[in-house]
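Take a look at the structure set out below.
The values are calculated or read from the model by the stated rules, or taken from the named source; none is laboratory data. Please read all numbers here as calculations on a predicted model, not as lab measurements. We place every Cβ from the backbone using ideal geometry, glycine too, and count neighbours over all the protein chains shown. The protein model used for the area step is the full one, side chains on, heavy atoms only, and it has no ligands, DNA or RNA in it. Shrake-Rupley method; radii C 1.70, N 1.55, O 1.52, S 1.80 Å.
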Amino acid sequence: SIGDLKYKQVPGIPPSGQMITAEPDIIQVILNPGDEFIILGCDGIWDCLTNEEAVKYVCDRIDTKTPTEIGVEMLDDIVSEDPRASQGIGGDNMTIMIIDLLPGTRSYRTQQSSTAATSSSSGEATPNTDKSTHVQE
């Protein structure tokens, strides 16, 4: 955590015990065959969404949108236009990463594949080499 020094330098309290700390919460979990994705987000995300709301948000979109598209849409929805009006909620720094554990089963993959190939004059499919429009998920 950068800044907010008055909350991180209380004498007699170790760094991990300060109100604001750069020490992460780390847990290990065993992934199950039914697990579809992982959401990594900083505290600003979790100020705006519960775990259940974030999971539902991703579940509702993961088949048809890439993880990047979902993350951008989520941030657009939860970042406050006026943090003063929302009492700071939605005004914190926000970082989100969505990892799709089953990308081969998604229809967004099919949509990307069909736009990544173009038809040549001989009727054969040729790869789209325009790197400016190709995003690898």
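For segment 12-46, filtering for residues that are touching a residue at least 24 places away in the same chain (Cβ under 8 Å) and touching a helix residue (DSSP H, G or I) at 6+ places or on another chain (Cβ under 8 Å) leaves 5. Within segment 91-111, identify whether any single residue is modelled with pLDDT under 70 and either surrounded by 12 or more Cβ atoms within 10 Å (Cβ to Cβ) or not in a loop (DSSP other than H, G, I, E, B) (or both), and answer yes or no. Checked segment 91-111: at least one residue is modelled with pLDDT under 70 and either surrounded by 12 or more Cβ atoms within 10 Å (Cβ to Cβ) or not in a loop (DSSP other than H, G, I, E, B) (or both).
When the residues of segment 51-86 are narrowed to those that are modelled with pLDDT under 90 and polar (S, T, N, Q), which ends up farthest from the chain's Cα centre (by Cα)? Outline the logic, then answer.
Pass one, segment 51-86, residues modelled with pLDDT under 90: 78-86.
In the following step, the residues that additionally are polar (S, T, N, Q) were identified as 80, 86.
Working: S80: 17, S86: 22 Å.
Filtering segment 51-86 for residues that are modelled with pLDDT under 90 and polar (S, T, N, Q), the one farthest from the chain's Cα centre (by Cα) comes out as S86.
Picking from residues in segment 36-50 that are at pLDDT below 95 and either within 15 Å of P103 (Cβ to Cβ) or open to solvent by 70 Å² or more (accessible area, probe 1.4 Å) (or both), the one that is farthest from the chain's Cα centre (by Cα) is D47. When segment 51-79 is filtered for residues that are open to solvent by 60 Å² or more (accessible area, probe 1.4 Å), under 13 Å from L101 (Cα atoms) and assigned to a loop (DSSP other than H, G, I, E, B), only D63 remains.
Identify, please: which residue in segment 34-54 is in contact with a Leu (Cβ under 9 Å, 6 or more places away or on another chain) and among the hydrophobic types (A, V, I, L, M, F, W, C) and is, among those, nearest to A22 (Cα to Cα)? Before you say what the answer is, go through the steps one by one.
Narrowing segment 34-54 to residues in contact with a Leu (Cβ under 9 Å, 6 or more places away or on another chain): 35-38, 41, 45.
Filter again for among the hydrophobic types (A, V, I, L, M, F, W, C), leaving 37-38, 45.
Numbers: F37: 25, I38: 22, I45: 16 Å.
Only one residue tops the list, namely I45.
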